[in-house]
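Reading through the structure tokens given below for one structure.
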Amino acid sequence: MIIGTFIAILCLLGMSAFFSGSETALTAASRTRMHQLEREGNKRAAAVNTLISDREKLIGAILLGNNLVNILASALATTLFAALMPGAAGVAVATAVMTVLVLVFAEVLPKTYAITRADRMAMSVSKPISVLVKAAAWIVLIIQAIVNATLRLIGAAAPDADFTAEEEIRGAIDFHHSEGGVDEADRHRLVGALDLKDMTVEEVMIHRKNITMLDCTQPSGDIIKQALNSPHTRIPLYNAEDDEITGILHVKDLLRAVVQHKGDIDGIDMTELLREPWFVPETTPLQDQLDLFLKERNHFALVVDEYGELQGLLTLEDILEEIVGDIRDEHDVPVQGVRPQSDGSVITEGWVTIRDLNRATGWQLPDEEAVTIAGLVIHEAQTIPEPGQRFSFHGHRFDVIRKTRNQITGLRVAPIQEEPEVE
């Protein structure tokens with residue numbers, strides 16, 4: 001009798017360990033990996049996905065089985081020790097022994113094992129747990145009804161807002177980055193792809209003062225020479241008389257025309273080579289513009305404001321750089337308007353974008369409230385500064401050098417060096 005009861009208690013503790021480990025493994029299993037394995041035809045992964053798709057039923061069934069075997073094991077242990085040690089001593093010893101056994105062997109040990117092998121164990125236990133969930137379905141429904149009714153009575157029935165898939169991905173990337181599993185460059189690329197929908201064309205475009213444009217009223221020979229000396233393959237042509245863009249000159253079209261005219265560049269009609277310019281509003285979301293680039297098979301657009309005035313230009317490369325980082329080739333030129341100094345400071349034109357300054361210097365100045373460096377100073381100062389004024393914010397010092405009317409045209413920017421503490 002005693003041996004039989006002892007064996008029964010050990011079996012029940014083993015079942016409790018199985019339920020505890022299964023609960024941890026199934027709740028900690030990677031849903032993305034299970035989804036991928038299911039797509040590859042893994043039936044055990046498919047069973048795991050079916051189980052975790054309804055977590056309430058899963059947890060309810062496991063807790064039902066776990067509590068049932070734990071209570072039964074405790075009752076048998078109490079009966080056993082009461083027979084061996086009459087009186088209250090038997091009950092006390094049974095409580096102490098079962099607490100240790102359940103805590104160590106039925107809770108901590110199996111859950112520790114499961115958390116380190118969550119995916120593998122989840123697939124291993126998926127079939128027996130599926131049987132348990134089906135068998136206990138009607139009992140779990142009754143329990144859920146009682147729980148939900150109780151939550152409504154105390155006003156706690158409303159669930160918390162769920163995280164979006166994007167927030168979950170961002171959180172996973174940041175977590176693995178903090179743990180050292182994802183380096184900074186990979187994190188920038190992964191998060192950069194998610195940031196496109198939160199950015200506008202205005203934040204990424206090349207400012208109009210940095211655009212290489214040619215006057216279409218010049219002789220064809222002069223235009224061709226300037227185009228070939230430019231580092232760009234697509235060049236806007238404008239009419240100097242009314243300051244309007246007349247078309248886009250592609251260097252490939254130009255070279256074909258030169259070959260067809262056998263080198264007679266003065267005989268080339270430039271108007272026949274120009275492509276229709278594509279104008280996009282500066283408020284266009286960057287993700288939408290990327291989709292348009294891919295759909296229209298056009299990688300070059302001119303950016304205009306609400307009044308139709310030219311503000312800058314945008315290429316597919318500019319958008320891709322937001323994901324993969326700076327893309328440079330042998331024809332690229334340094335950021336215009338930025339002149340690094342020997343003391344670590346930078347003299348910059350006011351129209352230089354914060355994005356370009358950050359890329360040229362490796363700084364992390366925020367660009368949420370302003371696009372240009374002058375706009376950032378005005379936003380933080382809450383006034384239009386005068387030359388000679390100095391401001392310090394975001395870990396940098398800003399000295400206003402030049403100002404034209406109400407526009408800041410020149411600044412010196414330098415990181416603030418932290419002074420060592422004197423002990």
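The values are calculated or read from the model by the stated rules, or taken from the named source; none is laboratory data. Quantities reported herein were computed from a predicted structural model and do not represent experimental measurements. Using ideal geometry, Cβ is built from the backbone for each residue, glycine included, and neighbour counts are taken over all protein chains shown. Just the protein is used for accessible areas: all its heavy atoms, side chains included, with ligands, DNA and RNA removed. Shrake-Rupley method; radii C 1.70, N 1.55, O 1.52, S 1.80 Å.
In whole Å, what is the distance between the alpha-carbon centres of the stretch 113-157 and the stretch 366-387? Each part reduced to its Cα centre gives a spacing of 55 Å.
By a straight-distance test (C-alpha under 30 Å), which lysines pair with LYS403 as possible cross-link partners, with residues fewer than eight away in the same chain excluded? Those lysines meeting the cut-off are LYS209. Overall, the accessible surface of the stretch 5-55 at a probe of 1.4 angstrom is composed of carbon and sulfur to the extent of 57 percent.
Would you mind getting the accessible area per residue of the chain, heavy atoms of the protein chains only, 1.4 Å probe, in Å²?
60 Å²
Helical content alone sets the calculated 222 nm signal of the chain at -16500 deg cm²/dmol, taking -39,500 (n - 2.57) per DSSP H segment of four or more residues and averaging over every residue. Normalised by 2.2 N^0.38 Å, where N counts its residues, the alpha-carbon radius of gyration of the stretch 245-317 equals 1.35.
Would you kindly state the longest site-free stretch of the chain, with sites defined as chymotrypsin sites (Phe, Trp or Tyr not before Pro) in a DSSP loop (not H, G, I, E, B) surrounded by at most 12 other Cβ atoms within 10 Å? The longest uninterrupted stretch comes out as 1-162.
For the set ASP343, ASP291, ASP367, ASP119, the ranking by accessible area, highest first and with no ligand, DNA or RNA atoms included, is ASP343, ASP291, ASP367, ASP119 under a 1.4 Å probe. Quick one: of the DSSP bridges fully inside the chain, what percent are antiparallel, nearest 5? Within the chain, antiparallel bridges account for around 90 percent of the total. The angle between the Cα long axis of helix 165-178 and the longest principal axis of the Cα atoms of the chain comes to about 90 degrees, rounded to the nearest 10. Rounded to the nearest 10 degrees, the angle from helix 251-260 to the longest Cα principal axis of the chain is 50 degrees. For the chain, the Kirkwood radius over C-alpha pairs fed into Stokes-Einstein at 20 °C and 1.002 mPa s yields D = 75 µm² per second.
Under 5 Å from the amide H of HIS396 lie the amide H atoms of ILE416, each residue being 5 or more positions distant or on a separate chain, with H modelled from the backbone and absent for Pro and chain starts. Rounded to the nearest 10 square angstrom, SER392 shows an accessible area of 80 square angstrom against a 1.4 Å probe. Measuring between alpha carbons in the structure, the pairs from LYS225/LYS262; LYS225/LYS295; LYS197/LYS252 lying more than 22 angstrom apart are LYS225/LYS295; LYS197/LYS252.
Remark: spin-label model distance ASP183-ILE143 equals 4.8 nm, labels positioned 7 Å along the Cα→Cβ axis. Could you tell me how many degrees, from 0 to 90 and to the nearest 10, lie between the Cα long axis of helix 184-195 and the main elongation axis, the longest principal axis, of the Cα atoms of the chain? Helix 184-195 sits roughly 80 degrees off the main axis of the chain.
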